[in-house]
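The values are calculated or read from the model by the stated rules, or taken from the named source; none is laboratory data. In this text the structure is predicted, and so the values were computed from the model without any measurement. Please note: Cβ atoms are built from the backbone with ideal geometry, for glycine as well, and neighbour counts cover all protein chains shown. Only protein heavy atoms, including side chains, enter the accessible area calculation; ligands, DNA and RNA are left aside. Shrake-Rupley method; radii C 1.70, N 1.55, O 1.52, S 1.80 Å.
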Amino acid sequence: MSTVLVTGGAGYIGSHTVIELHNNGYDIVIVDNFYNSKPEVLNRLETITGKRFPFYKVDCCDKDALRKVFEENEIDSIIHFAGLKAVGESVRIPLKYYKNNIDSLINTVELAGEYKVRKLVFSSSATVYGMSEDVPFTEESPLGVCTNPYGWTKWMIEQILRDYSVSDPDMKICLLRYFNPVGAHESGLIGEDPRGIPNNLFPYISKVAGGTLAQLTIFGDDYDTPDGTCVRDYIHVTDLATGHVKAIEYLGKCEENVCVFNLGTGNGTSVKEAVAAFEKACGHEIPHVFGPRRPGDIAVSYAATDKAADKLGFTARYNIDDMCSSCWKWQTMNPDGLPD
Ligand code: NAD
Ligand code: UFG
């Protein structure tokens, strides 16, 4: 069976994708520098799958170290998750974001070219659609103006990969634009484990539900949406992981050099609805207050899902209640996240 190199495979989405790849018969090699993850993830993956995956503690920005991974393994395809992703931090330290996200991608692609790896999947984001209000976003929607350096790294890397594909038409590249990944593995053994105070809604709600944080602030209740709060397309991380397996399969048979897919559910959920769903899952109230809008937030974002359904055969299986209950299970089993 073919071997998939998963960069950033110790991270939130990467670790869930490793499980789905394994369940579908792939061999896996994981690379991560643990910048935003912990070695304990590898133990948890072993508990879940019964397999210890080959692992390299390597920074993808270190090309010589990364070369060793290509040298020692017969890699058939790559899923490149490695990257920094905190929107606010990217505004404070933009050069670190540009350097890490772009250097790590370029090294990975250069080595892929050198070692004749023919399939590459890249973690892009719905953030590339910018501030447009023309929802649902289809893969043909124009790319927008990003509101932060993190978003621009995704935008730029999409362009870099399009340019690269012209120079190496044998490489098949898939850009996956994630909407809002949430939830955790059904075992409760792995999930989203942010360092410090979370920025994103679900990790924040989880900490409030678990009693570590006192209350949630809902950023804005005067948007032009049914209940005044922002609407997002939350997708269960296990569904997202399945989307990556479908993307790898698709790259094995597609005609085009670069393909682009949204990964979302196509359903919008408001912040108020998300809070209510989480309250149902945890069985008690989530204390919350309303605050001002957060700069850079758009009112509504959700995916057109037809292309992923038609071409990848991908449709999300889990709904918002499943997302909340898996999040809550992960939170109650790991109130302080994974041990160091
Ligand atoms: P994450 O931080 O949990 O995982 C990323 C992993 O990459 C971490 O384990 C980190 O240690 C590692 N990493 C970072 N830079 C590295 C480098 N130079 N070399 C080796 N390893 C490195 O984040 P995630 O939520 O799993 O996101 C995975 C990818 O998906 C990222 O590229 C992210 O930008 C993208 N994405 C995430 C979201 C989201 O909401 N979570 C949305 C859209 C896109
Ligand atoms: N929100 C709150 N309170 C909080 C945190 C979030 O009200 O404490 C609200 C936000 O204002 C937003 C919604 O919850 O309306 C979702 O916010 P998140 O931060 O969870 O997610 P975003 O939609 O802002 O961003 C996510 C990813 C980014 C990605 C973007 C677009 O975190 O990486 O989607 O794909 F770029």
Using 0.36 nm times the number of residues separating Asn24 and Asp62, minus their current alpha carbon distance, what extension gain do you get? 10.6 nm
Per residue accessible area of the chain, 1.4 Å probe, in Å²: 42
Rounded to a whole %, the carbon-and-sulfur portion of the accessible area of the stretch 247-340 at a 1.4 Å probe is 48
Residues with amide H under 5 Å from that of Phe290, placed H, sequence gap 5 or more: Ile218
Rg/Rh (Cα only; Kirkwood hydrodynamic radius) as it applies to the stretch 176-323: 1.00
Neighbourhood net charge (12 Å Cβ-Cβ; Lys/Arg +1, Asp/Glu -1) for Ala277: -2
Hey, how many Å between the Cα centroid of the stretch 29-43 and the Cα centroid of the stretch 120-153? 27
Take Ser167, Ser123, Ser132 and sort them by solvent-accessible surface of the protein heavy atoms, 1.4 Å probe, largest at the top. Ser167, Ser132, Ser123
With both partners inside the chain, how many of the DSSP beta bridges are antiparallel, as a percent to the nearest 5? 5
Using amide H atoms built in the peptide plane, which far-off residues or other-chain residues are under 5 Å from Ser125 H to H? Tyr178
Given a 1.4 Å probe and heavy atoms of the protein chains only, how would you sort Phe290, Phe278, largest accessible area at the top? Phe290, Phe278
Estimated [θ] at 222 nm from DSSP helical runs (n ≥ 4, -39500 (n - 2.57)) normalised by residues in the chain, nearest 500: -12000 deg cm²/dmol
If you take the square roots of the eigenvalues of the alpha-carbon gyration tensor of the stretch 181-264 and sort them as a ≥ b ≥ c, do you get rounded (a/c under 1.5), prolate (a/b over b/c) or oblate? oblate
Would you tell me the accessible area of His288, worked out with a 1.4 angstrom probe on the heavy atoms of the protein chains, in Å² to the nearest 10? 80
Just the Cα atoms of the stretch 126-216, one point each, no solvent: what log10 I(q)/I(0) does Debye give at q = 0.20, 0.21 Å⁻¹? -1.05, -1.08
For the stretch 1-67, compute the orientation-averaged projected area of the C-alpha convex hull (one quarter of its surface), in nm². 4.2
Give me the net charge of Val91's neighbourhood, meaning all other residues with Cβ under 14 Å from the Cβ of Val91; Lys, Arg count +1, Asp, Glu -1. +2
Could you give the distance between the Cα centres of the stretch 229-248 and the stretch 182-227, to the whole Å? 17
Straight-line reach from Lys246: which lysines have a Cα under 26 Å away, not including same-chain ones fewer than 8 places off? Lys51, Lys85, Lys116, Lys119, Lys154, Lys172, Lys307, Lys311
In whole Hz, what ³J(HN,Hα) sequence does the stretch 210-227 give by Karplus (6.51, -1.76, 1.60; θ = phi - 60°), x for Gly and Pro? x, x, 6, 10, 6, 7, 8, 9, 8, 7, x, 10, 10, 6, 7, 9, x, 10
Around Asn180: net Lys/Arg minus Asp/Glu count, Cβ-Cβ under 9 Å: 0
